[in-house]
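The next block holds one structure in the form of structure tokens; read it before the comments.
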Amino acid sequence: MDIAIYVVIGIVVVAALYGISIYNGLVNLKHGVDKAWANIDVLLEQRHDELPKLVETCKRYMQYEQETLNKVVEARAAVSKAREAGDVAALGIAEGALRAGLGGLFAVAEAYPDLKADASFQQLQSRISGLEDAIADKRETYNESVNQNNVRIEQFPDVIVARMFAFREARLLTFDDSEKRDVDMKALFE
């Protein structure tokens, strides 16, 4: 009888340790998603701060391109709103609009030699392009973290612990189809 009690206690202890291990792994993944989002958020904030400087620099040269500048300003506001709300789906849509607006702005800037030669414009264009590349890299890291989290909370036996402690699926940061297509340079100048 004594051995049976020890066996039962041993099984309970092993099960508890295994459950704790699963829980800690899920917590680690959840915080990995949060950290990856925070890294994107920092870059989005930096770009958010740079865009008004770029628009102001362009306004000095681009007298007839108000629509192009407005698209960038409106998209910047949409990205900011989605970022502050933590709305990953809305952020993906707003990011697509902002990238299209920036692509249009940089393409139109080609028609203004004085603007292209302006040191401030060159510095801002380089800084924003660098931030765009960094955002793309961090988006990949974020989506990988989200994928690991989502797969883990659906796998057995992790799904049991995930449901008991209300671990939630995270959303991938995706962009709309227009973001994925090549920019039509001819259409930008028509």
Q: State the number of lysine pairs found in the chain whose Cα atoms come within less than 28 Å, restricting to pairs 8 or more positions apart or on distinct chains.
A: 25
Q) So, by mean Cβ neighbours within 10 angstrom, what's the order for 109-118, 31-40 with the highest one leading? A) 31-40, 109-118
Q. For a paramagnetic label modelled at 7 Å from the Cα of Thr141 toward its Cβ, which residues of segment 101-129 fall within the zone defined by backbone nitrogen distances under 20 Å?
A. 127-129
Q.
I want to check the label-to-label distance for Gln123 and Leu17. Put each point 7 Å from Cα in the C-beta direction and report it in nm to one decimal.
A. 6.0
Q. Given that compact globular proteins tend to follow 2.2 N^0.38 Å, what is the ratio of the alpha-carbon Rg of segment 1-65 to that value?
A. 2.60
(Q) As I understand it, the dipole of the chain uses +1 on the Cβ of Lys and Arg and -1 on the Cβ of Asp and Glu, about the Cα centre. Which of Tyr6, Gly19, Gln46 lies farthest toward its positive end? (A) Tyr6
Q | Kirkwood Rh, angstrom, the chain [1 / mean 1/r, Cα pairs] | A | 19.5
Q. Given the options Thr141, Thr57, Thr174, which has the most mean-square fluctuation in a GNM of the chain, springs set between C-alpha atoms less than 10 angstrom apart?
A. Thr57
Q. So what's the net charge close to Ala38: Lys and Arg +1, Asp and Glu -1, counting the other residues with Cβ under 14 Å from its Cβ?
A. +1
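The numbers here are math on the coordinates, done by the rules we state, and not lab data. Predicted model only: the values in this text are computed from it and were never measured. Neighbour counts are summed over all protein chains in view; Cβ atoms, including those assigned to glycine, are modelled from backbone coordinates with ideal geometry.
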